[in-house]
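Following: one structure in structure tokens, then a few remarks.
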């Protein structure tokens with residue numbers, strides 16, 4: 001079996017590496033120190049069209065496969081971005097596959113273009129106290145309130161979250177990769 005890359009796959013790796021080269025060690029050290037999301041990095045990949053690598057062309061994506069998306073993520077992880085860079089993009093690349101495969105046309109029209117354009121970011125919660133990675137036992141749920149979504153969850157130490165919270169992105173004062181729960185305004 002031949003595992004060598006095709007010419008198209010090598011072109012993908014080269015193009016992704018060229019973007020990664022614009023974000024050197026000083027950039028990633030600053031992100032590590034301030035705990036902020038790498039907005040410039042995310043925006044560069046959105047502007048170059050890479051956030052839609054495995055999304056349907058009908059919704060603004062490239063229509064390539066998971067193999068090409070995995071090559072993209074491998075190239076990012078091999079760069080100075082490491083897993084911080086890969087983590088900033090991977091949910092938008094792979095996390096919406098259930099929408100691509102099982103979503104209605106309306107869901108695809110509503111969800112995919114803003115993610116591909118970098119206007120929205122996907123997020124995913126995996127664990128809660130006493131749940132670990134058994135996602136069937138998760139109690140956190142999203143609740144719609146008008147045109148906004150809020151999540152209801154439990155905090156560590158088994159204290160109930162007293163107020164509904166919204167999932168938002170903003171630079172966090174502590175190391176947290178920028179994601180935090182903010183009380184409902």
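The values are calculated or read from the model by the stated rules, or taken from the named source; none is laboratory data. Keep in mind that what you see is a predicted model, and the values were worked out from it rather than measured. Cβ sites come from the backbone with ideal geometry, for glycine too, and all protein chains shown count toward neighbours.
I need the full set of residues from the stretch 10-48 which are within 17 Å of residue 61 (Cα to Cα) and buried (at least 16 other Cβ atoms within 10 Å of the Cβ), in order please.
Selection gives 12, 16, 42, 44, 45, 46.
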| request: Kindly establish whether residue 54 is in contact with a helix residue (DSSP H, G or I) (Cβ under 7 Å, 6 or more places away or on another chain), surrounded by 13 or more Cβ atoms within 10 Å (Cβ to Cβ), at pLDDT below 95 and in the same structural domain as residue 98 (by TED's automatic domain parsing). | output: yes
| note | Heads up, the helices (runs of 4 or more DSSP H) in the stretch 25-139 (entirely inside) with at least 2 residues that are within 22 Å of residue 6 (Cβ to Cβ) are 66-78, 82-94
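Yes/no matrix, rows are residues, columns are (1) free of Cβ contacts under 8 Å to residues at least 40 places away in the same chain; (2) touching a helix residue (DSSP H, G or I) at 6+ places or on another chain (Cβ under 7 Å); (3) surrounded by fewer than 16 Cβ atoms within 10 Å (Cβ to Cβ):
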position: 72; (1), (2), (3): no, yes, no
position: 79; (1), (2), (3): no, yes, no
position: 83; (1), (2), (3): yes, yes, yes
position: 86; (1), (2), (3): yes, yes, no
position: 91; (1), (2), (3): yes, no, yes
position: 95; (1), (2), (3): yes, no, yes
position: 99; (1), (2), (3): yes, yes, no
position: 102; (1), (2), (3): yes, no, yes
position: 106; (1), (2), (3): yes, no, yes
